[in-house]
1. Working only within the stretch B:283-293, note down all residues that are closer than 18 Å to A:GLU15 by Cβ, out of contact with any helix residue (DSSP H, G or I) (no Cβ under 7 Å at 6 or more places or on another chain) and of a type outside the set (Phe, Trp, Tyr).
2. Could you check the stretch A:158-172 and list, in sequence order, the residues that are more than 7 Å from chain B (Cβ to nearest Cβ) and touching a Phe, Trp or Tyr at 6+ places or on another chain (Cβ under 6 Å)?
3. Which of the residues spanning the stretch A:162-210 are under 28 Å from A:THR122 (Cα atoms) and of a type in the set (D, E, K, R)?
4. May I ask you to list the residues in the stretch A:34-66 that are within 14 Å of chain B (Cβ to nearest Cβ) and not in a helix (DSSP H, G or I)?
5. Does at least one position in the stretch A:255-265 carry a residue that is within 14 Å of chain B (Cβ to nearest Cβ), modelled with pLDDT under 80, buried (at least 19 other Cβ atoms within 10 Å of the Cβ) and within 19 Å of A:TYR209 (Cβ to Cβ)?
6. For residues that are assigned to a loop (DSSP other than H, G, I, E, B) and acidic (Asp, Glu), tally how many sit in the stretch A:4-29.
7. Tell me the strands (runs of 3 or more DSSP E) entirely within the stretch B:51-166 that contain at least 1 residues that are more than 9 Å from every other protein chain (Cβ to nearest Cβ), on the phi < 0 side of the Ramachandran plot and at pLDDT 85 or above.
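The values are calculated or read from the model by the stated rules, or taken from the named source; none is laboratory data. Computed from a predicted model, the values in this text were never measured in an experiment. Here the Cβ is made from the backbone with ideal geometry for all residues, glycine too, and neighbour counts use every protein chain on show.
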Amino acid sequence: MDKYKLTHLKELEAESIYVLREVAAQFERPVILFSGGKDSIVVTHLAYKAFYPLKIMFPLLHIDTGHNFAETIEYRDALVKRLGLTLIVGSVQESIDTGRVKEETGYHASRNRLQTVTLLDTIEKYKFDAAIGGARRDEEKARAKERFFSHRDEFGQWNPKNQRPELWNIFNGKKNMSEHFRVFPISNWTEMDVWQYIYKESIEMPSIYFTHERKVFNRDGQWLAAESCMKLKSGEIVETKQVRCRTIGDISCTGLTLSKAESLEDIINEIAATRITERGGRADDKRSDTAMEDRKIAGYF
Amino acid sequence: MNGYLDMDLLRFTTAGSVDDGKSTLIGRLLYDSKSIFEDQLKAVEAASQRSGSEEMNLALFTDGLRSEREQGITIDVAYRYFATPKRKFIIADTPGHIQYTRNMVTGASTADLAVILIDARNGTTEQTVRHSYIASLLAIPYIIVCINKMDLVNFSEKVFENIKLKYNDIMDKLQLKNVQFIPVSAKFGDNVVDSSANMPWYAGTTLMNMLETTVTDHKTDIADMRFPVQYVIRPVSDKFHDFRGYAGRLSGGVLKKGDAVTVMPSGQHSTVAAINQCDKELDEAFTPDSITIQLTDDIDASRGDIIVGEGETPSVSQDIHIMVCWFNENPLHVNNKYIIMHATKETVAIVKNIENVVNINTLEPEPGSTTLKMNEIASIQIKTAQPLVFDSYKKNRTTGSLIFVDVNTFETLGAGMII
């Protein structure tokens with residue numbers, strides 16, 4: 001290999017750090033959207049590296065559906081404490097209680113879609129002008145069309161047909177009052193890149209990414225956590241299995257993978273061998289062929 | 001497992017007319033390299049059946065937006081990712097239709113290599129000229145010309161050779177170097193990932209093999225050092241009381257601790273005291289790494305300045321001659337003011353005149369008027385409010401490029417390459 005050629009992980013890291021520094025330079029009130037999932041953990045790690053020895057100047061915003069895995073919340077609180085960050089929680093329960101949104105009913109009820117309202121309300125309340133997210137283009141077909149700096153109108157909406165062209169490394173974050181940007185520093189990373197990077201940087205991860213015993217049930221070929229917020233249909237039985245999360249979302253839409261992966265090496269080997277995409281376990285994407293595009297237009301992550 | 005951790009990254013873009021089969025080719029690359037997963041496969045099979053297609057429509061792997069699926073065309077740039085044991089790839093899949101020239105320019109701006117598709121039945125067309133011109137304008141160093149749909153011309157060697165011959169004229173006109181040709185059938189997979197049994201006369205390698213082995217020589221070792229200052233890091237803490245770091249991404253050459261540097265445009269001289277990457281100190285760093293540097297002197301440098309190697313002085317001027325590609329429905333007007341974003345610098349510029357408009361189908365320059373319409377490309381003269389520190393685009397893609405931004409709507413209106 002050429003002496004002066006960065007490896008793919010170094011080049012991706014350099015690009016993401018460049019993007020995060022552009023956010024700090026171009027915006028007044030940026031925030032990191034933190035879900036407790038691996039992608040937002042990597043984004044937070046990159047922000048730490050981008051500004052060191054300065055402390056990360058962005059607060060973390062967690063949109064809390066109230067249906068979280070307990071391990072996610074523990075991890076979140078420990079991280080905030082370790083890095084000395086400010087945590088803001090936008091509560092979907094509060095949006096329901098104040099009548100901003102209506103809870104879905106039925107077996108497939110999920111608070112995933114409701115998060116959009118809570119997210120936009122929180123962005124407006126704190127006057128955030130840039131919301132930094134861990135979305136990646138390889139995750140999903142609508143996300144494949146995203147820009148690094150993605151403009152949102154005053155209603156928080158995305159206009160996929162008329163996006164600002166994004167050339168070279170020039171990121172245009174200019175906007176009018178009450179508009180905002182979504183920024184995706186790890187747009188060009190794949191699931192494999194993320195795990196390789198976590199391994200290379202020895203980033204501590206929430207325990208639910210590794211194999212553990214959990215009470216689960218099977219619905220339409222999908223293993224879901226048997227937590228109190230999940231309503232079982234007749235015929236669905238609760239079993240105990242060795243599982244791990246491949247993505248972490250709200251309990252209601254996070255499919256669990258049967259896995260014995262105990263270490264980061266195991267996870268990387270498992271991903272190298274898998275024939276199912278990472279969001280193949282996400283019920284929220286299966287509602288229709290363009291489910292993600294529709295949610296994104298409305299202002300979803 | 002460690003082998004995977006230090007792969008090489010290649011960014012490439014694809015260009016072809018509406019029906020040249022570009023999305024099908026990418027679908028084929030992904031499918032045959034086993035980068036398509038079972039659930040994606042099932043979704044595409046189901047969608048193919050719904051649209052009445054008998055065979056699986058490989059293009060559906062890449063067309064993402066609702067309107068693209070409905071119309072069967074690609075509207076916006078989509079990015080795709082795949083990896084082989086040799087390399088990791090980022091594809092900018094760009095629309096072929098003329099009204100989307102801006103997206104093709106966008107996709108080309110970050111590419112190391114372009115794959116240009118030609119329909120074997122039609123040969124080189126005006127579109128081929130246009131795509132090749134954009135590749136040369138955006139200075140993409142390597143080009144692979146894929147002559148596709150060979151299955152529809154009986155896999156004829158003569159057809160392939162004729163098209164190659166015709167393309168030589170385009171190469172001469174555009175002074176394109178590093179062009180490779182390959183006959184393929186994206187639909188059936190001939191010469192995409194696997195060699196074709198239908199074209200024994202073709203002695204060359206497959207497209208995938210070319211992508212894996214093309215050497216992308218960035219000439220980092222001999223390029224002038226360029227470091228646009230992005231952000232100044234000044235922590236207010238006892239531990240780092242005197243720390244003043246210039247954060248940025250190296251955009252040319254190599255930087256070593258102890259190097260003599262000049263801050264432009266002020267011209268102040270200093271020496272590199274330290275190169276930091278988070279809590280690590282480096283002896284040297286190279287393009288395109290993101291680093292933080294400390295200088296030995298307490299001088300005034302801030303966002304928008306460019307730190308350069310001593311004796312490697314770039315141009316500094318307010319009068320700038322550029323090639324511009326216009327992206328917006330509202331035309332560019334002579335005497336209009338625009339915000340200019342260049343490296344990490346932002347200023348305002350007025351358009352002095354439009355010299356020549358390029359006819360991108362014939363490549364002939366035509367006299368410019370006072371306006372430039374969407375998708376047109378022209379050489380123009382601008383005057384900036386503050387001087388820019390720049391190189392020619394041919395010399396440096398970062399310090400040689402800029403964008404036009406609307407002063408009211410803040411939309412990105414056009415892309416400029418400094419001549």
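1. B:ALA285, B:THR287, B:ILE291, B:THR292
2. Once the filter is applied, which keeps residues that are more than 7 Å from chain B (Cβ to nearest Cβ) and touching a Phe, Trp or Tyr at 6+ places or on another chain (Cβ under 6 Å), the stretch A:158-172 yields only A:PHE171.
3. A:ARG164, A:GLU166, A:LYS174, A:LYS175, A:GLU179, A:ARG182, listed by residue number.
4. Residues satisfying the conditions are A:TYR52, A:PRO53, A:LEU54, A:LYS55, A:ILE56, A:MET57, A:PHE58.
5. Start the filter on the stretch A:255-265 by keeping residues that are within 14 Å of chain B (Cβ to nearest Cβ), which leaves A:255, A:257, A:261, A:263-265.
Filter once more, so that each one left must be modelled with pLDDT under 80: none.
Within the stretch A:255-265, none of the residues are within 14 Å of chain B (Cβ to nearest Cβ), modelled with pLDDT under 80, buried (at least 19 other Cβ atoms within 10 Å of the Cβ) and within 19 Å of A:TYR209 (Cβ to Cβ).
6. 1
7. B:87-93, B:113-119, B:142-148
Here's the yes/no breakdown for (1) hydroxyl-bearing (Ser, Thr, Tyr); (2) within 14 Å of chain A (Cβ to nearest Cβ); (3) not in a strand (DSSP E or B):
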| residue | (1), (2), (3) |
| --- | --- |
| B:SER266 | yes, no, yes |
| B:VAL272 | no, no, no |
| B:THR292 | yes, yes, no |
| B:ASP298 | no, no, yes |
| B:THR313 | yes, no, yes |
| B:SER317 | yes, no, no |
| B:ASN328 | no, yes, yes |
